[in-house]
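Since every read-out is calculated from the coordinates, none of them should be taken as a lab result. Model, not experiment: these values are computed from the prediction. Cβ atoms come from the backbone with ideal geometry, glycine included; neighbour counts cover every protein chain shown.
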Ligand code: HEC
């Protein structure tokens, strides 16, 4: 079974020593690995934040999202892979066929990001980011950026 930290990093490459010291070893290794992973994530999320479109600063997106890992909302790379793929089922098992009918992923996501909502990726909600569509151009830039990540 691959060992995962709460950040979703696969640590199966780390060798655990003999079976009788298994429990102690695993907790020590996990603690060290979490510290390493956290340090890495702090460093990498800062670097990635500077690569986001400038307009992201007008919104609170990065308090809930990062490109490469889940925060409150899903990793934007995972979102991108989903909408660039066959869009069969979201991670919560929902089909978006009905909801997105007649709309491109871009149009559908601009509405979702503007109005907020929950249920496609988990139970947490996204707040309405632009309920009256006043900043629609900004939302569009971000949605295009997200969709472009996995292209
Ligand atoms: C309060 C936290 C929060 C903020 C702020 C936030 N999001 Fe989200 N976002 C979420 C959550 C939670 C989800 C998952 C919703 C779901 O499961 O349907 C999500 C989902 C998404 C999705 C995928 C939607 C889907 O249904 O597939 C996109 C794209 C997205 N966010 C972009 C953005 C952008 C762009 C911003 C800034 C303008 C933003 N988010 C701000 C929490 C947030």
Residue 141-residue 51 pseudo-label distance in nm [points 7 Å out on the Cα-to-Cβ vector] = 1.9
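Rounded to the nearest 0.05, what FRET efficiency do residue 60 and residue 87 give with R0 = 25 Å and r taken as the Cβ-Cβ distance? Could you check? Could you put the intermediate results ahead of the total?
Details: r = 27 Å, r/R0 = 1.06.
Taking R0 as 25 Å, the efficiency between residue 60 and residue 87 is 0.40.
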